[in-house]
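Here's the structure we're looking at; comments come further down.
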Amino acid sequence: MSILRRSGDRWALAGLPALLRRLGLMAPAGKALSGSVRSHSRPLELLPYGLLLFLSVAAIILVFIIGVGESRDRMITESTVQLRQKTALLEAYVSKILEANEMVLRNISSEIDPMPWSDIVASPKVASLLADQKQFLKHSGVIALVNREGSLVAYSEGFPAKSFSVTDRDYYRYLHDNPLSETFIGEPLIGRVHGKLSLTMSKALHRQDGLFDGLILITMPLEYFSNLFNGAASPSDVAQLLRNDGRVIVNVPFAQGGNQAPLWFASAVGANPAAGVVNSVSASDQTNRLVAYRKVEAFPFYVSYAIDEGKLLNGWWQSVFVYGAVLATALAAFMATAWMARRNSIALLHSNESLREVSERVLVSQDEERRSIARDLHDSTGQHLIGAAMELDSARSRVSETDDDTSRALHRAAALIMQSNEELRTLSYLLHPPMLDESGLPNALELLVVGFEERSGLEIELRVAPEIGTKRPPAGVELAIFRIVQEALTNIYRHARARHATIRLVRQGSDAYPMLSLTVKDDGIGIERRNRNTIGVGLSGMEARLRPFNGLLDISTGKKGTTLSVRVRG
């Protein structure tokens, strides 16, 4: 079964207004916008519209903000992954360099281990060996041998070597005191052969009794590491090689070396010694950077790579501004359109209110005119017809008994006058039933149903709650119910092709808020199979009569007939 509801000049599913009322988009319980709603309530009527508009704009802005935040987080996440990859790459380079140095130190140690220092000093082959090993180390500066007294006796730069003492160097002092250590990497020092700032990686030589017997060293110019890190870093990025304690050895693109550990180092390495990513403000230029660090395996170093977070987000901010401007333009256009639609809605609302007021005044005027015409027909025209019939009866009594034709003509004329009087009484009742004012709605409906059954042949069942007769509704409500029943029966007779109709009128609700419930049901063909243009005027009239009382009109229809339901306070 299809459920239809008529509201204004539209047909809609009956469930839709109920849903709209639940959402606050329609006034509750049939309190549709009408002429009875005064101007002071118009802002309340448009409140759901404004609320929905506000919520729509707020939802769009919220989604935009969430999307912007997610895109920023996604960009930071992607940058973090790239940072980890770059630090892993730098760590691999540094680790390979130091591992290659260790291998060369072991190779040289195995080659010269049986030789006494006197042979080493006098042998050009040792110098050649050191030079050959240097060819495998592109990053190395000098490979040299130092005896137990701290004198340099051979190096990779030629033969014979320029002898000088290195007893003041940290690597000599450390290995002299710890000869069993594998390797030692000292602080950056300016080399005495080439005069370059370099890291020195050294390995102790020891006698059979385990005592210190000299060392092998490889210098690594910091320039090589700077070029390596500089090639991996963008102009705005920072790449660093750091000691285990955080002291900076290489700092690209800033000055090389330095003893000051970065602000982030102690806390970050303390929390995660192997690797991690932190946010930090650079002490040198006060730039907020995203920093990734990584421990160089098996060696006392860390590598770090930092990107300028502001420059990283420059592209993101530009996208935000562009999309924000587009969104702001779209929202401005949307708001302008909504404002114009609201203004048109207000104008239409005012126009509808005016039309409804005019319609209600027309109905009131029609009822008054009908009451006046019915009274005139009953009190004047009806009495005249009765008088005319009495005069004809008097005239017929004076006609000679032999004049049958005249007597029959007078009799027919009197009968026609009496028939016209009966029809006039019916017309007067239909225009305005006096029983409605005198005895109330139940008696008026009963007389209406009896007369309609006689005229139409339709079988009508009328059920009216007794209390409606004892406690009468307001006169306007009684008249509206009567006219709606009258119009409904007329529609059933003209359009429904029904054989039976049921009228039920009860009072529901509490004494403080009584509600009249009227149901008119037929077993006809239903509205869907009729021409709706033929029933629109009658239904509009019903709604117009209910509107002053904030009544609700529902229609459900299907193959088994149509049910008209009315609820109005009374």
Any chance you could run the full-extension gain for A266 through V506? It's 0.36 nm times the residue separation minus the Cα-Cα distance, nm to one decimal. 77.8 nm
Can you report the principal axis dimensions of the range 54-316 using only the alpha carbons, biggest first, rounded to whole angstrom? 95, 31, 28
Give the dimensionless ratio obtained when the Cα radius of gyration of the range 433-569 is divided by 2.2 N^0.38 Å. 1.01
Local charge sum around V193 (other residues, Cβ-Cβ under 15 Å, Lys/Arg +1, Asp/Glu -1)? +3
Expected output is a single nm value to one decimal: the length gained when fully extending between R173 and E423, i.e. 0.36 nm times separation in residues minus the C-alpha distance. What is it? 76.2 nm
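I'd like the FRET efficiency for I373 and E446, computed as 1/(1 + (r/R0)^6) with the beta carbon distance as r and R0 of 25 Å, rounded to 0.05.
Plugging the Cβ-Cβ distance into 1/(1 + (r/R0)^6) gives 0.60.
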Convert each backbone phi in the range 490-498 into a coupling constant with the Karplus relation 6.51 cos²θ - 1.76 cosθ + 1.60 (shift: θ = phi - 60°), then list the ³J(HN,Hα) values in order as whole Hz, x for Gly and Pro. 4, 5, 4, 5, 7, 10, 7, 6, 8
Out of residues 5 or more away from T287 or on other chains, whose amide H comes under 5 Å of its own, with H placed 1.01 Å from N in the peptide plane? S282
Radius 14 Å from Cβ of R106, net charge of other residues (Lys, Arg +1; Asp, Glu -1): -4
Which GluC sites (Glu not before Pro) in the range 112-216 sit in a loop by DSSP (not H, G, I, E or B) and have at most 15 other Cβ atoms within 10 Å of their own Cβ? E149, E182
W339 and L180 label points (each 7 Å along its Cα→Cβ direction) are spaced in nm at 8.8
How do M75, M542 stack up against each other in accessible area, from largest to smallest, with a 1.4 angstrom probe? M75, M542
If you rank R289, R396 by how much accessible surface each has, with a 1.4 Å probe, what is the order from largest down? R396, R289
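May I ask you to compute the full-extension gain from D405 to K138, defined as 0.36 nm times their residue separation minus their alpha-carbon distance, rounded to one decimal in nm?
Details: separation 267, 0.36 × 267 = 96.12 nm, distance 15.06 nm.
Length gained, D405 through K138: 81.1 nm.
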With unit charges on the beta carbon (Lys/Arg positive, Asp/Glu negative), name the residue among S165, L152, L222 whose Cα is farthest towards the positive pole of the charge dipole of the range 54-316. L222
Taking amide hydrogens as modeled 1.01 Å from N in the peptide plane, which residues meet the under 5 Å criterion relative to G276, leaving out close sequence neighbours? Y293
I need the calculated FRET efficiency for the pair R569 and E391, taking r as the beta carbon distance and R₀ as 30 Å, to the nearest 0.05. 0.05
Could you please put V278, V166 in sequence from largest to smallest accessible area, using a 1.4 Å probe? V278, V166
Roughly how many Å² of H411 are accessible to a 1.4 Å probe, to the nearest 10? 100
If I model a spin label as a point 7 Å beyond the Cα along the Cα-Cβ vector, how far apart are those points for A330 and N244 in nm? 5.8
Which percent, to the nearest 5, of DSSP beta bridges fully inside the range 433-569 are antiparallel? 80
Treat each spin label as a single point 7 Å out from the Cα along the C-beta direction, and report the D113 to D437 distance in nm. 13.6
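Go ahead and run the numbers for FRET between H384 and M515, Cβ-Cβ distance against an R0 of 45 Å, rounding to 0.05.
Plugging the Cβ-Cβ distance into 1/(1 + (r/R0)^6) gives 0.50.
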Quick check: the distance between the Cα centres of the range 150-212 and the range 99-146, to the nearest angstrom? 12
List the lysines whose Cα sits under 16 Å from the Cα of K521, skipping any in the same chain fewer than 8 residues away. K559, K560
Kindly flag which residue pairs out of K125/K203; K138/K295; K86/K196; K162/K295; K203/K295; K86/K138 have an alpha-carbon separation exceeding 32 Å in this structure. K162/K295
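The values are calculated or read from the model by the stated rules, or taken from the named source; none is laboratory data. All figures in this text were calculated on a predicted structure; none of them were measured in a lab. Quick reminder, even Gly has a Cβ in these numbers, built from the backbone with ideal geometry, and neighbours come from all protein chains shown. SASA here: full protein model, heavy atoms, side chains in, ligands and nucleic acids out. Shrake-Rupley method; radii C 1.70, N 1.55, O 1.52, S 1.80 Å.
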